[in-house]
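**Student:** Sending over a structure as structure tokens; questions will come in a sec.
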Amino acid sequence: MLNKYRPPSRLKALTSGLLTWEMHAGQNKIYVTFDDGPDARVTPSVMGLLDRYQAKATFFLLGRNVEKYPFFPEHLRSRGHSIGNHSFSHPDGWKCSSRLYLEDVQKCSQWMDSKLFRPPYGRITIPQARQLKKQGFNLFMWSVLSNDFDRFSNPAQCLAKTIRYTTDGAIVVFHDSLKAEKKMLFMLEGFLEHFSREGFSFEALPVE
Ligand SMILES: [Zn+2]
């Protein structure tokens, strides 16, 4: 059965040279990431929570949201977080041409300067990924999906599963979006609390 918290292992194996799915283990570090922001209310709530646990994270921003709130990239960086490109308008790479896909990523670059990229929906074709690599992007997927956006599953159960699948070096996805806000903030706090107690630190993805 498909595990909705973990990426499909076949895809992971096929793309392991092109896409980063997890970081090195051995240092008790976890890489928390946020997709689909920034949002004027949710992103500051997330930043406040991260500060309480001395946690650094990575925010994969949508260009169309940075256009609305252009101060966020600098603001996030000044607090020690990394920022990444999550495209301008969130296209599905499996459903649009490589040309349109790359243009959308480029359009996001006009609003923020970062060579980290995460494909919307985690959907990207091998040619699209190769092209972005050629342009100097580092492509990050994830090893654990929190399912914070899923309104139909119980937040406490989602948290328990997200904790269970997270290991040393994991890249974990949350969403700083209005849609996920309530469940995400509940889960994020429980997640940070749990792994702080276990002696882990929370790091931003390297920008070089
Ligand atoms: Zn997204």
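**Student:** Taking the stretch 188-208, which residues are more than 15 Å from the chain's Cα centre (by Cα) and part of a loop (DSSP other than H, G, I, E, B)?
**Tutor:** 198, 199, 200, 208, listed by residue number.
**Student:** Going by the conditions given, is residue 6 part of a helix (DSSP H, G or I), more than 16 Å from the ligand (Cβ to nearest atom), of a type outside the set (A, V, I, L, M) and touching a strand residue (DSSP E or B) at 6+ places or on another chain (Cβ under 8 Å)? I'd like the intermediate steps shown before the answer.
**Tutor:** Numbers: part of a helix (DSSP H, G or I): no; more than 16 Å from the ligand (Cβ to nearest atom): yes; of a type outside the set (A, V, I, L, M): yes; touching a strand residue (DSSP E or B) at 6+ places or on another chain (Cβ under 8 Å): yes.
Answer is no for this residue.
**Student:** Anything in the stretch 110-125 that is out of contact with any helix residue (DSSP H, G or I) (no Cβ under 8 Å at 6 or more places or on another chain) and either farther than 25 Å from residue 30 by Cβ or of a type in the set (Ser, Thr, Tyr) (or both)? List them, or say none.
**Tutor:** 121
**Student:** Based on what the data block shows, is residue 152 over 27 Å from residue 10 (Cβ atoms), surrounded by fewer than 19 Cβ atoms within 10 Å (Cβ to Cβ) and of a type in the set (A, V, I, L, M, F, W, C)? Talk me through it step by step, then tell me what you get.
**Tutor:** Numbers: over 27 Å from residue 10 (Cβ atoms): no; surrounded by fewer than 19 Cβ atoms within 10 Å (Cβ to Cβ): yes; of a type in the set (A, V, I, L, M, F, W, C): yes.
The answer is no for residue 152.
**Student:** Which condition number in (1) surrounded by 12 or more Cβ atoms within 10 Å (Cβ to Cβ); (2) under 23 Å from residue 206 (Cα atoms); (3) modelled with pLDDT under 95 is the one that residue 25 fails?
**Tutor:** (1)
**Student:** Considering 132, 145, 139, which residue is free of Cβ contacts under 8 Å to residues at least 40 places away in the same chain and surrounded by 15 or more Cβ atoms within 10 Å (Cβ to Cβ)?
**Tutor:** On the way: 145 fails: free of Cβ contacts under 8 Å to residues at least 40 places away in the same chain; 139 fails: free of Cβ contacts under 8 Å to residues at least 40 places away in the same chain.
Result: 132 is the single residue among 132, 145, 139 that is free of Cβ contacts under 8 Å to residues at least 40 places away in the same chain and surrounded by 15 or more Cβ atoms within 10 Å (Cβ to Cβ).
The values are calculated or read from the model by the stated rules, or taken from the named source; none is laboratory data. For clarity, every value in this text was computed on a predicted model and none was experimentally measured. Every residue, glycine as well, gets a Cβ built from its backbone with ideal geometry; the counts of neighbours run over all protein chains shown.
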